[in-house]
Amino acid sequence: MAASKRYSLIINPKSGSSATLDGIRRVRDYLHQQGHAVYVDLTQSLQHAGELAHQAVNTRCDAIIIAGGDGTVRAVADATTHSNVPITIVPAGTENLLATELGFDRHGLATVKALQGGKISNLDLGAADGQRFMAIAGIGFDAEVIHRIQQFRTGYITHVDYIWPIVRTFWEYQFPPLKVIADGQCVCDEPALVFISNISRYAVGLPINRNADWSDGLLDLTVFRMRQRRQLLFHSAATLLNCHHRRPSVTQIRSRRIQVSCATSTFVQLDGDPGPLLPLDIHVIPAAARILLPPPQPGQPFAHRVKWANLRNWMLR
């Protein structure tokens, strides 16, 4: 029998459905069956999640298992930056952007496979004026939506909660001129919507930047120019069809450092949570964390992304 190991299971109790609870139990039961020690902690806040991760690192746990949404995963990844303790995920949030990108499912099946014999990979992080993000930062329209939702949020949210804020923001939002400088080069100085991503997809699976790589030491910048409100509809449709990169009003480049400024107060979101206001200086932190991934299919570097994750989650509720 393999030597006993120590695992920290950090759970956000405000996240998840019955399917997620089954996934957490499946992972816990598997580790117990293998004779490993599992230390279970419930988070009280994102800051508390980071504190629990620090404790796990200091007590020399072999790995940290995170059951929560993107915010919880980010807090733990930030707390384990440049440590040798890998993290792995049981997705439990609304979007789970990073988890679905990496091939994790709510049932815990992929997590168990990762623990059985997965692959450890480096995970880059982005830093925005001292605040970290691991999946995607949005500047402008989508950040305005996030801030509207946070004003009334009391716990777990669903995709339905986004509908009215999106409608109101669409009719009320005035796209301000954004000045975007990437590695010293000005790439935009006009009304726009900006995404800075470490993964390929955004909410409801929109392929914002299909070539993004979480471990290449670069951030992927996407700029949608917005001279008219109706352009948002065209950009959204083109992104859904994965052909937006062909539009002349869309710019996509890779960069290590990005500065974004605006003459008016403009919201920013980091992994679906409110971020700092502009101006913003963003840079990549290469190989900041280690992540234990499900084993890939033969001939593939990583496990396949989870397709139609949000539709599956809705059907399980």
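The values are calculated or read from the model by the stated rules, or taken from the named source; none is laboratory data. The structure displayed is predicted, hence computed values, not measured ones. Here Cβ is always computed from backbone atoms with ideal geometry, including for glycine, and neighbour counts include all displayed protein chains.
So that you can scan it fast, the table gives a plain yes or no per residue for (1) more than 22 Å from the chain's Cα centre (by Cα); (2) among the β-branched types (Val, Ile, Thr); (3) not in a strand (DSSP E or B):
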residue	(1), (2), (3)
Val223	no, yes, no
Arg227	yes, no, yes
Leu233	yes, no, yes
Ser236	no, no, yes
Gln252	no, no, no
Ile258	no, yes, no
Thr264	yes, yes, yes
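Out of curiosity, is Arg60 over 17 Å from the mean Cα position of the chain (by Cα), over 30 Å from Asn209 (Cα atoms), assigned to a loop (DSSP other than H, G, I, E, B) and not hydroxyl-bearing (Ser, Thr, Tyr)? In short, yes.
The residues of the range 132-143 that are over 21 Å from Thr264 (Cα atoms) and not basic (Lys, Arg), listed by number, are Phe133, Met134, Ala135, Ile136.
Assessment of the range 34-50 against the conditions (surrounded by 20 or more Cβ atoms within 10 Å (Cβ to Cβ), outside any loop (DSSP other than H, G, I, E, B) and either touching a Pro at 6+ places or on another chain (Cβ under 9 Å) or assigned by TED's automatic domain parsing to the domain that holds Ala203 (or both)) yields no matching residue. Among the candidates Asp129, Asp124, the residue that is touching a Pro at 6+ places or on another chain (Cβ under 8 Å) and under 14 Å from Asp213 (Cα atoms) is uniquely Asp124. The number of residues in the range 63-93 being surrounded by fewer than 16 Cβ atoms within 10 Å (Cβ to Cβ) and either on the phi > 0 side of the Ramachandran plot or part of a strand (DSSP E or B) (or both) comes to 1.
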